[in-house]
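Peer 1: Just dropping this structure here.
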């Protein structure tokens, strides 16, 4: 029997029949699903998970550890949504199921849930605390402590996994973008566009160089950039990990902050953040106070590649004689349906040799914090991506999401590949700066 508490959770968070009955069970999703490819189990496919969610919603199946395992085994890459002929909103279903799991007594232990909730809600969601933690990590990474601890862990067989996971932690930036940017940055020429810029949370402290590159590229494309100091985390990580109420809280703060500025578009350089901010309109569809504000906000959100591909190309590009391939970040190609635009802007770089990547839209295994919480599964998925990357013979792999950048760097080092990883906008900036020698990139 399902308890009254679980019934209340299911009623509050799981989608209604209009969403749950969309699936036709055609099986088009199976070949696109990384977890189904690993197991060949129906329950580990999008179609199987939808059946599980529907059965739980109808009270035919109890909430169980198996249910929690399957929902958390899913990468939420949403490749199935791209393949689905019926337009099934799979991502919305699995994320709703995770909310139920986080608030019930199934799945991870109470201690593990409490730790994850603390990190997401009390650190990532609080930018001053996140920056404090980042400064501590910066000291740890640059004082020699990291090398000593990693070597010590690698000696013990039981600790090797911990050493691998530790190596996935992003390299903290010396200067955070929120500290190094003015709230208003002027264009290098006549202003044609007013752009609001989202610095993000992890992007701000661990990928600040990409944020700085983004602003400089926008400046060179006739943009005036507004970077609100009061902006907060977009809430994407929270929504994907069952903390939907905190995600809503953060989204409301951003809606209030950005509504105080006039701008044409809001640019994001993180696929996951951009995808979630475009979802604000659905998140607040039934909220009379925020529905219209969210609609206006989401309509103006653009990925950096999406924005640049639809304006007059910059005449400041210098040749780069590099062999480059492109990995499609899941939340860019599947969630936002952006695949042509990044390639279009890359091909504006003179002398660049573009090499297609086989299965470029196949997940790399990063999936937010999946490569940490489900490290062994992520490793299996990463192996396939590395095999395809090796086949390109590229000097540089370009992508549009911080999680993918970290995962690809980790994989390239582990598998001994001779290539560098760059964000799309960083390669564009190097072309604009006339930096033709990219051999010494970190």
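Conditions tested, residue by residue: (1) buried (at least 21 other Cβ atoms within 10 Å of the Cβ); (2) not in a loop (DSSP other than H, G, I, E, B).
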residue	(1), (2)
275	yes, yes
307	yes, yes
316	no, no
321	no, no
325	yes, yes
338	yes, no
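Peer 1: Check 194, 131, 190 and return the single one that is assigned by TED's automatic domain parsing to the domain that holds residue 277 and within 30 Å of residue 276 (Cα to Cα).
Peer 2: On the way: 131 fails: assigned by TED's automatic domain parsing to the domain that holds residue 277; 190 fails: within 30 Å of residue 276 (Cα to Cα).
Only one candidate qualifies: 194.
Peer 1: In addition: Every residue in region 186-209 that is more than 19 Å from residue 314 (Cα to Cα) and in contact with a strand residue (DSSP E or B) (Cβ under 8 Å, 6 or more places away or on another chain), please. Step through it out loud before you land on a result.
Peer 2: Within region 186-209, the first condition is being more than 19 Å from residue 314 (Cα to Cα), and the residues that meet it are 196-209.
196, 197, 198, 200, 207, listed by residue number.
Peer 1: Okay, moving on. Just give me the residues in region 117-150 being in a helix (DSSP H, G or I), in contact with a helix residue (DSSP H, G or I) (Cβ under 8 Å, 6 or more places away or on another chain) and farther than 22 Å from residue 174 by Cβ, in sequence order.
Peer 2: Residues satisfying the conditions are 117, 120, 121, 122.
Peer 1: Would region 343-352 turn up any residue that is surrounded by 22 or more Cβ atoms within 10 Å (Cβ to Cβ), modelled with pLDDT of 95 or more and on the phi > 0 side of the Ramachandran plot?
Peer 2: There is no residue in region 343-352 that is surrounded by 22 or more Cβ atoms within 10 Å (Cβ to Cβ), modelled with pLDDT of 95 or more and on the phi > 0 side of the Ramachandran plot.
Peer 1: Turning to a different aspect of this structure: Identify, from the list 163, 206, 125, 152, the residue that is over 30 Å from residue 310 (Cβ atoms) and touching a residue at least 60 places away in the same chain (Cβ under 8 Å).
Peer 2: Details: 163 fails: touching a residue at least 60 places away in the same chain (Cβ under 8 Å); 206 fails: over 30 Å from residue 310 (Cβ atoms); 152 fails: touching a residue at least 60 places away in the same chain (Cβ under 8 Å).
Sole residue among the options that is over 30 Å from residue 310 (Cβ atoms) and touching a residue at least 60 places away in the same chain (Cβ under 8 Å): 125.
Peer 1: Somewhere in region 277-295, is a residue assigned to a helix (DSSP H, G or I) and in contact with a strand residue (DSSP E or B) (Cβ under 6 Å, 6 or more places away or on another chain)?
Peer 2: First pass over region 277-295, keeping only residues assigned to a helix (DSSP H, G or I): 277-278, 280-283, 291-295.
Cutting the leftovers down to in contact with a strand residue (DSSP E or B) (Cβ under 6 Å, 6 or more places away or on another chain) gives us 277-278.
Among the residues of region 277-295, at least one is assigned to a helix (DSSP H, G or I) and in contact with a strand residue (DSSP E or B) (Cβ under 6 Å, 6 or more places away or on another chain), which makes the answer yes.
Peer 1: Out of the residues in region 106-122 that are surrounded by 13 or more Cβ atoms within 10 Å (Cβ to Cβ) and free of Cβ contacts under 8 Å to residues at least 60 places away in the same chain, state the one that is nearest to the chain's Cα centre (by Cα).
Peer 2: In the first step, residues of region 106-122 are kept if they are surrounded by 13 or more Cβ atoms within 10 Å (Cβ to Cβ); the result is 106-108, 113, 116-117, 119-121.
If we keep only those that are free of Cβ contacts under 8 Å to residues at least 60 places away in the same chain too, we end up with 106-108, 113, 119.
Numbers: 106: 26, 107: 24, 108: 23, 113: 21, 119: 17 Å.
If we take residues in region 106-122 being surrounded by 13 or more Cβ atoms within 10 Å (Cβ to Cβ) and free of Cβ contacts under 8 Å to residues at least 60 places away in the same chain, then 119 is nearest to the chain's Cα centre (by Cα).
Peer 1: Going through region 159-179 one residue at a time, which ones are within 23 Å of residue 223 (Cα to Cα) and touching a helix residue (DSSP H, G or I) at 6+ places or on another chain (Cβ under 7 Å)? If you could, list the steps in order and put the result at the bottom.
Peer 2: Quick first cut of region 159-179, residues within 23 Å of residue 223 (Cα to Cα) only: 176-179.
Correct list: 176, 177, 178.
Peer 1: While we're here: Of the conditions (1) under 30 Å from residue 189 (Cβ atoms); (2) in contact with a helix residue (DSSP H, G or I) (Cβ under 9 Å, 6 or more places away or on another chain); (3) outside the structural domain of residue 195 (by TED's automatic domain parsing), residue 397 fails just one. Which one is it?
Peer 2: (1)
Peer 1: Could you look through region 25-64, keep only residues that are over 27 Å from the mean Cα position of the chain (by Cα) and over 22 Å from residue 101 (Cα atoms), and pick out the one that is surrounded by the most Cβ atoms within 10 Å (Cβ to Cβ)?
Peer 2: The residue in question is 26.
Peer 1: Also, I was wondering about something else. Could you please find all residues in region 138-148 being farther than 22 Å from residue 213 by Cβ and surrounded by 15 or more Cβ atoms within 10 Å (Cβ to Cβ)?
Peer 2: 146
Peer 1: For region 201-227, name all the residues that are assigned to a strand (DSSP E or B) and either modelled with pLDDT under 95 or surrounded by fewer than 23 Cβ atoms within 10 Å (Cβ to Cβ) (or both).
Peer 2: Looking only at region 201-227, we keep the residues that are assigned to a strand (DSSP E or B), and these are 223-226.
Correct list: 224, 226.
Peer 1: Name every residue in region 425-435 that is more than 17 Å from the chain's Cα centre (by Cα) and on the phi < 0 side of the Ramachandran plot, in order of residue number.
Peer 2: 426, 427, 428, 429, 430, 431, 432, 433, 435
Peer 1: Here's something else I'd like to know. If you scan region 151-200, which residues turn out to be crowded, with 18+ Cβ neighbours inside 10 Å and part of a helix (DSSP H, G or I)?
Peer 2: 153, 164, 177, 178
Peer 1: Examine region 275-297 for a residue that is touching a residue at least 60 places away in the same chain (Cβ under 8 Å), under 25 Å from residue 178 (Cβ atoms) and not assigned by TED's automatic domain parsing to the domain that holds residue 385, and state whether such a residue exists.
Peer 2: Yes, there is a match, as at least one residue in region 275-297 is touching a residue at least 60 places away in the same chain (Cβ under 8 Å), under 25 Å from residue 178 (Cβ atoms) and not assigned by TED's automatic domain parsing to the domain that holds residue 385.
Peer 1: Residue 332 versus (1) touching a strand residue (DSSP E or B) at 6+ places or on another chain (Cβ under 7 Å); (2) within 23 Å of residue 89 (Cβ to Cβ); (3) free of Cβ contacts under 8 Å to residues at least 40 places away in the same chain: which is the lone unmet condition?
Peer 2: For residue 332, the failing item is (3).
The values are calculated or read from the model by the stated rules, or taken from the named source; none is laboratory data. Just so it is clear, the model here is predicted, and its values are computed rather than measured. Counting neighbours? That spans all protein chains shown, and the Cβs are built from the backbone with ideal geometry, glycine included.
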